[in-house]
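FYI, it's all coordinate maths here, none of it is from the lab. Keep in mind that what you see is a predicted model, and the values were worked out from it rather than measured. When we count neighbours, we look across all protein chains shown, and the Cβ atoms used for this are built from the backbone with ideal geometry, even at glycine.
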Amino acid sequence: MIEIKNLSVDLGTFLLQDINLKIERGEYFIILGPTGAGKTILLESIAGLHPIKSGEIWLNGSEVTNLEPERRGIGFVYQDYALFPHLSVKGNLLFGLKQKRRSKGEMQLIVEWVTGLLGVSHLLERNPSTLSGGERQKVALARALSISPQVLLLDEPLSALDPHAREGVQQELRQIHHRLKATIVHVTHDFEEAIALGDRIAVLGEGRILQVGTPEQIFRQPNSEFVARFSMSRNIFAGEVRDADDGHVTITIEGMKLEVVTELRGKLHASLRPEDILISRELLRSSARNCLRGTITHINDRGSTLYLTVSTPLDFICLLTRRSFEEIGLRVGEEVYTTFKASAIHVF
């Protein structure tokens, strides 16, 4: 559906370099990265809003690298909604349809369909300034969908919303994708948002694609320290992987040996997700081959979950639900056991 080949965009103050992506028809594709990574520039380049230094952009089998934005059949939704303040909701929805010279009958049917799809029919006569953030984002989505785009581009569509509105619009996006089988490219810096919505994810950093994969692959198998940190692995170490005398494989990190499962050998990195570490007062009877005694040095309370730092003396960040934390009754300075499987450690 969308193919980007060796794309470079030079804006003077920022450079997108050697971008290669293939997005399938009907896919919900996430471009994930920190602020300043170039996510919006990549999205705007697909839409035709920036001059291309080199490379090609293909849409539905046709090259559109130098095609005008209005001829690409793309719907674009910015995080700040970009609704026309002087027009009513209905006026905003009709704007693109009038540009396409649709008949009054067609426009009426499309407005009824798209407002029904997003549940905003009751807002047609309202001015955008009187709407909540969630309502404005739904109207912006409705306006983008009203022109029946080949591709829907979303630039951080949930970042300006409060948690309740964010959850509602996220659900709307799932339903739109499911019902319309639409091809959606969604930019975000929020990893949880990417996991919840994406069929596949491209991680972008400093103008380059660093990894492309399913949410599970990005989450469990980061290919670099950058991706591991951005996907919130939290426990990231440098060490040396060797074959042990007993036939197992170990990674030595600051003098401490941990058992791992990997075909790689030599000086490498390892990541361990905090939710994969079990904490207990007593030594557990378990098939997990890594069990270390340590001391709780810090507790970071996040409400429903808590992150505990346990020094073994190597520091491990562990995740507990509030219920588990209260049941065990842990506190700073207490000695505990940390237990995790060799297979839970990802070596890269």
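First select every other residue whose beta carbon is under 15 angstrom from the beta carbon of Thr130; then total the charges, Lys and Arg +1, Asp and Glu -1. Provide the component values of the computation, followed by the final result.
Values: positive: Lys90, Arg126, Arg136, Lys138; negative: Glu125, Glu135.
Computed value for this residue: +2.
Would you please state the base-10 log of I(q)/I(0) at q = 0.10, 0.14 1/Å for the stretch 237-348, with intensities from the Debye formula using one equal scatterer on every alpha carbon?
Computed log10 I(q)/I(0) values: -0.30, -0.57.
Which of the trypsin sites (Lys or Arg not before Pro) found in the stretch 52-136 are in a DSSP loop and have at most 14 neighbouring Cβ atoms, other than their own, within 10 Å? Mind showing how you got there, number by number?
On the way: sites: Lys53, Arg71, Arg72, Lys90, Lys98, Lys100, Arg101, Arg102, Lys104, Arg126, Arg136; in loops: Lys53, Arg72, Lys100, Arg101, Arg102, Arg126.
Sparse-neighbourhood loop trypsin sites (Lys or Arg not before Pro): Lys53, Lys100, Arg101.
When you count, for each residue, the other Cβ atoms within 10 Å and take the mean per peptide, how do 144-153, 163-172, 309-318, 326-335 rank with the highest first?
Values: 144-153: 20.4, 163-172: 15.3, 309-318: 17.5, 326-335: 11.4.
Highest to lowest by the protection proxy: 144-153, 309-318, 163-172, 326-335.
With only Lys, Arg, Asp and Glu charged, each at its Cβ (+1 for the first two, -1 for the last two), find how big the charge dipole of the stretch 233-347 is about the Cα centre; round to the nearest 20 debye.
On the way: 15 positive and 16 negative charges, 42 e Å.
Here the stretch 233-347 has a charge dipole of around 200 debye.
Arranged by the count of other C-beta atoms within 10 angstrom, fewest first, what order do Leu264, Leu97 take?
Working: Leu264 12, Leu97 21.
Taking fewest neighbouring Cβ atoms as first place, the list is Leu264, Leu97.
Listed highest first by mean packing, meaning other Cβ atoms within 10 Å per residue, what order do 286-299, 226-239 come in? Walk me through the intermediate numbers first.
Details: 286-299: 14.9, 226-239: 19.0.
With the highest mean Cβ count within 10 Å placed first, the list reads 226-239, 286-299.
Give the cross-link partners of Lys104 among the aspartates and glutamates, using a straight C-alpha distance below 13 Å as the criterion and excluding same-chain residues fewer than 8 apart.
Glu112
Among all the lysines, which ones have a C-alpha under 18 Å from Lys53's C-alpha, if same-chain residues fewer than 8 places away are not counted?
Here the lysines satisfying the reach criterion relative to Lys53 are Lys5, Lys39.
Let me check I've understood the local charge: for Thr40, count other residues with C-beta under 14 angstrom from its C-beta, Lys and Arg +1, Asp and Glu -1. What total comes out? Before the final figure, lay out the partial values.
Details: positive: Lys39; negative: Glu44, Asp80, Asp155, Glu156.
Charge balance in the 14 Å sphere: -3.
Nearest 500 deg cm²/dmol is fine: what mean residue ellipticity at 222 nm does the chain get from its DSSP H runs of n ≥ 4 alone, each adding -39,500 (n - 2.57), divided by its residue count? Don't jump to the answer; show the numbers that get you there.
Values: 9 runs with 93 residues, N = 348.
Computed mean residue ellipticity for the chain: -8000 deg cm²/dmol.
Can you pull the semi-axes for the chain, root of five times each eigenvalue of the Cα gyration tensor, sorted largest first, whole Å? Before the final figure, lay out each step's value.
Numbers: eigenvalues 427, 126, 46 Å².
Its equivalent ellipsoid spans semi-axes of 46, 25, 15 Å.
May I ask you to list the residues of the stretch 299-342 whose amide nitrogen lies under 12 Å from a point 7 Å from Cα along the Cα→beta-carbon direction of Asp243?
Counting backbone N atoms under 12 Å from the label point, the list is empty.
Subtracting the Cα-Cα distance from 0.36 nm times the residue separation, let me have the gained length for Asp190 to Ile328 in nm, one decimal. Mind showing how you got there, number by number?
Numbers: separation 138, 0.36 × 138 = 49.68 nm, distance 3.13 nm.
Extending this stretch completely gives an extra 46.6 nm.
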